[in-house]
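**Q** Okay, handing you the structure first.
What follows draws every value from the coordinates through simple rules; no lab data is involved. Values in this document were obtained by computation on a predicted structure and should not be read as measured data. In this analysis, Cβ positions are derived from the backbone assuming ideal geometry, glycine residues included, and neighbour counts consider all displayed protein chains.
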Amino acid sequence: MFDKLTKQPVDKIMELMQLYREDSRDGKIDLGVGVYKNAEGVTPVMRAVKEAERQLLESQETKAYVSLVGDVAFHDAMIDLVLDGAVPRENVAAAATPGGTGAVRQAFELIRMANPDARIFTSLPTWPNHLSILDYLKIERVGYRYFDEDTRAVDFDGMMADLDGLRAGDVVLLHGCCHNPTGANLNLTEWQRVIDLLNAKGAIPMIDLAYQGFGDGLDDDAAATRLVAKSCPEVLIAASCSKNFGVYRERTGILMGISADASKTKLVQDNLSFLNRQNYSFPPDHGARVVTMILTDPTLRKMWVDELEETRLGMLRLREQMAEELQKLTGSNRFGFIAQHRGMFSRLGLPSDVVEKLRKENGIYMVGDSRINVAGLNAKTVPILAKAIADSGV
Ligand code: PMP
């Protein structure tokens, strides 16, 4: 049987990480994998997470199964964090999932179950896992223009023109904030226009929210998601706790299905439960429990909000420093977009030969499409990267 298996494509980022590990140069810089790192290059366990885990160790008396959709207290806390009352609680069905990826996967399966003819529109570019999961599930996908390679901002006219091809029942996958891989985001006026178009077409928004708190703050980063939730009759939200709680390996995420008609919530809830059952039965609980404790205990919550804010502001400072350095070195503002982008990533728009040259000659590792993880930098490495980019003559 096994000899019938075919080789799977290698993950580009994992391949890059391997090259980085094998590089023996001292000053090498890793801007590849999408994990937050502090100025010392460490992905820390957040203070509130450590404290919640300590409390949990003392108080937890059983590891018995919870429920097929996880703990309702986790749903409540996350619905509050993401939606903050934008829609009534009874309009939201929810299921805990293994990470944001689990939520994305379950959302795609739910869409396919509900409407096998639905096409899913994805931004050009998007997080590559969106595409590979859709292809694996054999769901038809359509790309919509998103990133303007010249301005490194959103190509909003192109996006709207491509979304004009939506049919009723199609789904549009949107990044709630901090677009991965580009870092370029819609403003709220543009979100409203997208919402109006989707509603006019009878299309359904699906929001992937993986970086709430990494861009402009917890509420600002959720503002678009909240606007969509209260403006559209049906909405799917896949939210990840991996980044904003730093619980990557605990696999903590949630899928929400919102209906304007609350009488549909039970049906959606039953289907989310069914899907969890088919794919992995009970979702992981540890990360979800820790997140719930943090969100519901004022002391832990403050500890978490404060550290998340330090993290966010640290990344913003690096963006500003990078834009300033490049302004000085190139005498132009063409890299000003780095300070405009939000979240952990920016797509720099460098040609692939320059990306390769930076890796080979300078030991600077970024993804082939020139996406950098801003958190891979620190105040000392920013000038090194800026000089290498300026010297490359782009
Ligand atoms: N969506 C996007 C856009 C992401 O960048 C990520 C993390 N790389 C995820 C979802 C899900 O992450 P996780 O499964 O680790 O929670």
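**Q** How far is the Cα center of region 354-371 from the Cα center of region 208-287, in Å?
**A** 34 Å
**Q** Using 0.36 nm per residue of separation minus the Cα-Cα distance, give me the extension gain between Ala260 and Lys328 in nm, one decimal.
**A** 19.3 nm
**Q** How far, in nm, would the chain grow between Thr62 and Lys302 when pulled straight, counting 0.36 nm per residue and subtracting the alpha carbon separation?
**A** Going from the current span to full extension adds 83.6 nm.
**Q** Over the alpha-carbon set of region 1-96, work out the extent along each principal axis and list the three values in angstrom, largest first.
**A** 52, 46, 35
**Q** Tell me which DSSP H helices of the chain clear both cut-offs, 24 Å or more of axial length from alpha-carbon atoms and a mean Kyte-Doolittle hydropathy of at least -1.0.
**A** Helices meeting the criterion: 298-330.
**Q** At a Förster distance of 51 Å, what's the computed FRET efficiency of Ala114 paired with Leu19, Cβ-Cβ distance as r, to 0.05?
**A** With a Förster radius of 51 Å, E is 0.75.
**Q** Output the peptides 295-301, 364-370 sorted from most to least packed, where packing is the average of other Cβ atoms within 10 Å over each peptide's residues.
**A** 364-370, 295-301
**Q** Write down the percent of antiparallel bridges among all DSSP beta bridges whose residues are both part of region 65-296, to the nearest 5.
**A** 45 percent
**Q** Another question about this same structure. Can you tell me the length gained on complete extension of the stretch Arg193 to Lys50, counting 0.36 nm per residue apart and subtracting the Cα distance?
**A** Residue separation times 0.36 nm, minus the Cα-Cα distance, leaves 47.3 nm.
**Q** Which value, in debye to the nearest 20, gives the size of the charge dipole of region 65-296 about its Cα centre, when Lys and Arg are +1 and Asp and Glu are -1 at the Cβ?
**A** Value, rounded to 20: 700 debye.
**Q** Another question, then. Alpha carbon centre of region 113-184 versus region 49-99: separation in Å?
**A** 29 Å
**Q** Among Val72, Val33, what is the fewest-to-most ranking by other Cβ atoms within 10 Å?
**A** Ranked by crowding around the Cβ, least crowded first: Val72, Val33.
**Q** A follow-up question, please. Could you check the spin-label model distance between Asp219 and Lys7? Points 7 Å from the Cα along Cα→Cβ, value in nm.
**A** The two pseudo-label positions are separated by 5.4 nm.
**Q** What percent antiparallel are the DSSP beta bridges of the chain, to the nearest 5?
**A** Looking only at bridges with both residues in the chain, the antiparallel portion is about 50 percent.
**Q** Once the principal axes of the Cα atoms of region 65-296 are found, what is the range along each, listed largest first in whole angstroms?
**A** Projected onto its principal axes, the Cα set of region 65-296 covers 50, 36, 33 Å.
**Q** Please compute P(r) over all alpha-carbon pairs of the chain, binned at 10 Å starting from zero, and give each bin as a whole-number percent.
**A** For the chain, the pair-distance distribution reads 5, 22, 31, 26, 13, 2, 0.
**Q** Compute the whole-percent fraction of alpha carbon pairs in region 296-394 spaced more than 15 Å apart.
**A** So the portion of pairs separated by more than 15 Å is 63 percent.
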